[in-house]
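Everything on this sheet refers to the single structure shown next.
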Amino acid sequence: MVSLDSEQQNNPRWSRTISRGAFTFIVLMGIVSMFSDMTHEGARSVLGEYLNLTGASAAAIGFVSGFGELCGYSLRLLSGFWADKTKHYWGLIIFGYTIQVLAIPALALVPDNGWIFACSLVVLERVGKAIKKPAKNTLVSFAADEIGTGKGFALQEFLDQLGAFLGPLLLFLVGLIIGTQDLFGTYRLGFLTLGIPALITIALTVLAWHFYPHPENFDQPATPPENAQAPTDPPLEPCAPDPTGETPTGETLTNGTPTSALPSVSAVTPGFRFNRAFALYMAAICLFAFGFADFTLITLHAAKTAAFPKAALALLYAGAMAVDAVAALIFGTWFDRIGLRALIISTLLTAPFSAFVFLSGNPWFISIGIVLWGLGMGAQESIMKAAVAKIMPKDRRATGFGVFETGFGIAWFFGSWLIGALYDVNIPVMVAVSIISQLAAVGFYILTLKSLSTFPPQ
């Protein structure tokens with residue numbers, strides 16, 4: 001079998017057809033993410049207050065939120081490994097999405113003082129996300145290889161965060177129409193309303209599976225069209241070992257022939273292992289996550305300082321998600337042009353967000369901090385994942401995504417716990433920890449670049 005590049009040179013029409021199919025698949029999965037985020041991010045914008053109304057204490061809310069995120073990230077290591085082992089990507093995606101989105105309308109069934117039931121649903125929603133996430137990221141990466149890895153993940157993130165913007169707005173409109181005299185009842189109706197995008201999510205996921213059962217074939221078409229010209233390029237030879245000890249790798253065809261030679265984890269060595277580049281990258285990711293404060297702390301500070309009306313707090317989150325969506329497109333384009341350097345730029349740009357948010361009660365400064373926070377989230381959900389797809393070989397990407405998101409989640413959990421504790425003790429120290437941790441991540445990004453020696457965009 002020959003490389004896809006050779007096929008493209010001889011059959012531009014066939015190449016364009018494959019690229020259009022990959023783009024359509026990414027857009028379709030992005031729309032799935034949009035309706036999914038409308039569901040769970042819409043609920044997330046009022047979840048803290050709702051849990052309080054069900055009888056949960058502040059300590060219980062904090063613990064459940066942290067435990068849910070810990071489960072939601074750490075279980076991705078197992079689901080990613082299972083996806084690579086079984087190749088049952090779609091089964092994991094459909095099952096995970098079903099659990100995740102149906103847990104939200106189920107919140108409407110919580111009785112008075114049923115906070116244990118409500119907290120269980122919160123954790124269940126995170127578990128559903130953990131089940132589907134590595135498999136979904138892997139399928140998207142296969143298609144993104146055809147149109148640009150950064151562009152592919154950026155488009156996903158844009159549509160994803162569009163849903164995160166629309167969900168809180170939907171609940172805000174429910175509150176305007178119904179009123180908030182019976183706040184518990186209003187939230188219940190809001191969760192039932194979110195059941196509509198939840199059902200749409202499941203239906204579109206099944207539809208995507210029907211039309212694209214094997215997205216892994218985007219970069220290696222099994223059967224060229226009958227009018228395709230016979231390739232004249234000779235078969236590619238296996239890549240020679242790197243004298244530094246790193247094994248060259250890239251996408252692999254069914255016969256094991258490499259199609260590229262990125263200096264990363266071996267594509268032919270069975271099993272997952274940390275190479276130096278991926279280990280350095282994970283160190284950077286963990287430092288970034290450790291210092292990146294959760295938005296719940298931002299809304300808490302905004303409420304304490306009375307910088308914004310409490311009715312507008314949900315809209316602050318919607319605004320951050322809007323910035324996130326636009327930022328993902330920008331950073332994704334940069335990633336395809338300059339590679340991992342785009343992540344260095346984004347981190348340097350967004351690291352001071354905590355200073356703007358927490359060192360002043362001025363609404364304008366807090367708004368600037370929220371914009372910077374949204375920019376950081378845009379990078380987190382797009383080019384951070386795109387970098388994993390570039391570093392990891394195709395047949396180990398789901399495991400790579402699982403390791404990535406597990407490490408990110410654990411670091412986020414402990415970082416959020418420490419930053420939250422410091423908020424009650426010394427806010428300037430908290431801000432310093434946040435900024436220093438993110439700037440330290442930049443150093444490891446640079447070391448990752450040096451380890452890779454080259455990081456060419458596709």
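Could you please let me know if Phe172 is surrounded by 14 or more Cβ atoms within 10 Å (Cβ to Cβ), touching a Pro at 6+ places or on another chain (Cβ under 8 Å), among the aromatic types (Phe, Trp, Tyr) and touching a residue at least 40 places away in the same chain (Cβ under 8 Å)? So Phe172 fails the test.
Sort through Phe404, Phe444, Phe414, Phe408 and tell me the only one that's of a type in the set (Phe, Trp, Tyr) and in contact with a Leu (Cβ under 6 Å, 6 or more places away or on another chain). Exactly one residue qualifies, and that residue is Phe444. When Leu51, Leu28, Leu92, Leu47 are checked against the criterion of being modelled with pLDDT of 90 or more, buried (at least 19 other Cβ atoms within 10 Å of the Cβ), assigned to a helix (DSSP H, G or I) and among the aliphatic types (A, V, I, L, M), Leu92 stands alone in meeting it. Is it the case that Phe117 is closer than 30 Å to Leu189 by Cβ and either without any contact (Cβ under 8 Å) to a residue 24 or more places away in the chain or surrounded by fewer than 24 Cβ atoms within 10 Å (Cβ to Cβ) (or both)? When the stated conditions are applied, Phe117 passes them.
Within the range 346-366, restricting attention to residues that are assigned to a helix (DSSP H, G or I) and without any contact (Cβ under 8 Å) to a residue 12 or more places away in the chain, the residue that is surrounded by the fewest Cβ atoms within 10 Å (Cβ to Cβ) is Trp364. Please work out which residue is surrounded by the fewest Cβ atoms within 10 Å (Cβ to Cβ), limiting yourself to the range 423-442 and to residues that are in contact with a helix residue (DSSP H, G or I) (Cβ under 8 Å, 6 or more places away or on another chain) and farther than 11 Å from Ala351 by Cβ. Taking the candidates together, the pick is Val429.
The values are calculated or read from the model by the stated rules, or taken from the named source; none is laboratory data. Keep in mind it's a predicted model, so treat the numbers as computed, not measured. Neighbour counts run over all protein chains shown; Cβ positions are idealised from the backbone, glycine included.
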